1. Return the residue satisfying two criteria in turn: it lies in the stretch 51-85 and is within 12 Å of Leu22 (Cβ to Cβ) and assigned to a helix (DSSP H, G or I), and of such residues it is nearest to the ligand (Cβ to nearest atom).
2. Is the stretch 50-64 home to any residue that is farther than 30 Å from Lys107 by Cα and either more than 16 Å from the chain's Cα centre (by Cα) or open to solvent by less than 70 Å² (accessible area, probe 1.4 Å) (or both)?
3. If the requirement is being more than 7 Å from the ligand (Cβ to nearest atom) and either under 19 Å from the mean Cα position of the chain (by Cα) or surrounded by fewer than 17 Cβ atoms within 10 Å (Cβ to Cβ) (or both), which of these qualifies: Ala19, Ala12?
4. What tally of residues in the stretch 27-50 results from selecting those that are within 12 Å of the ligand (Cβ to nearest atom) and in a loop (DSSP other than H, G, I, E, B)?
5. With respect to Leu86, is the statement that it is open to solvent by 70 Å² or more (accessible area, probe 1.4 Å) and of a type in the set (A, V, I, L, M) true?
6. Output the residue which, of all residues in the stretch 22-49 that are open to solvent by 50 Å² or more (accessible area, probe 1.4 Å) and of a type in the set (A, V, I, L, M, F, W, C), is nearest to Ser73 (Cα to Cα).
Amino acid sequence: MLSSKKIAIIGAGPGGLGAAMLLASKGYHVEVFEKHGVVGGRNGSLKLGDYTFDVGPTFLSMPEIAEELFEASGRNLHDYLDLKELDMMYELVFPDKNVQMWRNPEKMKEELHRHFPHDVEGYERFMDGTKKKDGTLKTDFTKSYG
Ligand SMILES: Cc1cc2nc3c(=O)[nH]c(=O)nc-3n(C[C@H](O)[C@H](O)[C@H](O)COP(=O)(O)OP(=O)(O)OC[C@H]3O[C@@H](n4cnc5c(N)ncnc54)[C@H](O)[C@@H]3O)c2cc1C
C-alpha cells in the first residue's frame with residue numbers, strides 16, 4: 001500500500017524510530033524530527049575522554065518485541081544487530097555489598113537469598129506476573145494505520 005499521507009514524528013528515540021520504520025514500510029511518507037544532534041534518545045551514550053558511558057539501557061531485555069516490530073516492517077532485526085545472550089546482566093554496587101543480577105531464575109534466587117532473603121518470594125511473584133504478560137506478546141502492529 002502506498003499512501004500520500006505525510007507523517008511527522010517528534011523524537012528519534014526507539015519509540016519514534018520504531019514507529020517511523022513501521023509506517024514507512026506501510027508506504028507513508030515519514031519525517032522524524034529530533035532536537036539533539038544524534039538519534040537514539042535515552043539509548044545514547046556520553047563520552048568523557050577515552051570512556052563511553054551508557055546514559056540509559058545497557059542491554060535489550062525483551063528482544064522479541066523488537067523482532068516482532070522488524071518483522072511487521074518486512075525486516076529482520078538480526079540483519080541489523082548482533083545480539084549476544086547475557087547470563088549475568090549487571091551488578092549493583094552498594095557500599096557494603098555487590099549484587100549480581102542473573103537471567104537464570106535459580107541463580108537470581110540464590111543471589112537474593114544471600115543478600116535479601118525476605119525478597120525471594122517477591123521476586124517469584126514478579127516473575128510469575130511477567131510470564132503472564134509475556135503470553136500476550138505477538139503485538140498486532142498492522143492494526144489501524146488507515
Ligand atoms: C537509566 C536507564 C536504564 C534503562 N535500562 C533499560 C534496559 O536495560 N533495557 C531496556 O529495554 N530499556 C531500558 N531503559 C528504558 C529505555 O531507555 C526507554 O524505554 C526508551 O528509551 C524509551 O524510548 P522513547 O523513544 O519512548 O523515548 P526516549 O528514548 O526518551 O526518546 C525521546 C526522543 O525524543 C526527543 N525529543 C523530545 N522532545 C522533543 C521535541 N520537542 N522535539 C524534537 N525531539 C524531541 C529526545 O531528544 C529523544 O531523542 C532504561 C532507561 C533509563 C533512563
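1. Ala66
2. Yes, the stretch 50-64 has at least one match.
3. Ala19
4. Selection size over the stretch 27-50: 8.
5. Details: open to solvent by 70 Å² or more (accessible area, probe 1.4 Å): yes; of a type in the set (A, V, I, L, M): yes.
Considered against the rule, which asks whether it is open to solvent by 70 Å² or more (accessible area, probe 1.4 Å) and of a type in the set (A, V, I, L, M), Leu86 comes out as yes.
6. Ala24
Each row is one residue, and each column tells you yes or no for (1) closer than 27 Å to Met101 by Cβ; (2) not aliphatic (A, V, I, L, M).
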| residue | (1), (2) |
| --- | --- |
| Lys5 | no, yes |
| Ala8 | no, no |
| Gly11 | no, yes |
| Leu22 | no, no |
| His36 | no, yes |
| Glu67 | yes, yes |
| Gly74 | no, yes |
| Leu77 | yes, no |
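The values are calculated or read from the model by the stated rules, or taken from the named source; none is laboratory data. In this text, all values refer to a predicted model and were calculated from it rather than measured experimentally. Cβ atoms come from the backbone with ideal geometry, glycine included; neighbour counts cover every protein chain shown. These accessible areas exclude ligands, DNA and RNA; they are computed on the full protein's heavy atoms, side chains included. Shrake-Rupley method; radii C 1.70, N 1.55, O 1.52, S 1.80 Å.
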